[in-house]
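Visitor: Pasting a structure below so you can have a look.
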Amino acid sequence: MARAFIGKVECQVTVDRDLGDNWAVAVIPPAPRKGEASIPPLVVKLQGEDKERITKGALEILQKSGQIERFEL
């Protein structure tokens, strides 16, 4: 399962098929602890047939735009 990091916070990555060849890749931060601010989920939608390539492409987009620091597949 893929993981993404916003700063030092490890986030879960989900990949869900929308309609047809559309995919929604979401980076979901953990629930905040008491007194911490919550981090909203990040979502990228792409078209394609290969789930692994879609996942990698979406995470690269988020990394290049500075929204995540790094990711692991």
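Visitor: Testing THR55 on (1) surrounded by 14 or more Cβ atoms within 10 Å (Cβ to Cβ); (2) in contact with a Lys or Arg (Cβ under 6 Å, 6 or more places away or on another chain); (3) not hydrophobic (A, V, I, L, M, F, W, C), one condition comes back false. Which one is that?
Guide: Result: THR55 fails condition (2) only.
Visitor: Something else about it: Residues to consider are LEU73, LEU42, LEU62; find the one that is within 20 Å of MET1 (Cα to Cα), touching an Asp or Glu at 6+ places or on another chain (Cβ under 9 Å), surrounded by 10 or more Cβ atoms within 10 Å (Cβ to Cβ) and not acidic (Asp, Glu).
Guide: Step by step, each of LEU73, LEU42, LEU62 is checked, and only LEU73 is within 20 Å of MET1 (Cα to Cα), touching an Asp or Glu at 6+ places or on another chain (Cβ under 9 Å), surrounded by 10 or more Cβ atoms within 10 Å (Cβ to Cβ) and not acidic (Asp, Glu).
Visitor: Still on this structure: Please verify whether ASP50 is in contact with a strand residue (DSSP E or B) (Cβ under 7 Å, 6 or more places away or on another chain), at pLDDT below 95, acidic (Asp, Glu) and exposed (fewer than 14 other Cβ atoms within 10 Å of the Cβ), treating the condition exactly as stated.
Guide: no
Visitor: Counting just the residues of the range 1-36 that are under 16 Å from ILE68 (Cα atoms) and of a type in the set (Lys, Arg), which one comes out surrounded by the fewest Cβ atoms within 10 Å (Cβ to Cβ)?
Guide: It comes out as LYS8.
The values are calculated or read from the model by the stated rules, or taken from the named source; none is laboratory data. Note that the coordinates shown come from a computational prediction; the quantities given were computed from them, not determined experimentally. Cβ sites come from the backbone with ideal geometry, for glycine too, and all protein chains shown count toward neighbours.
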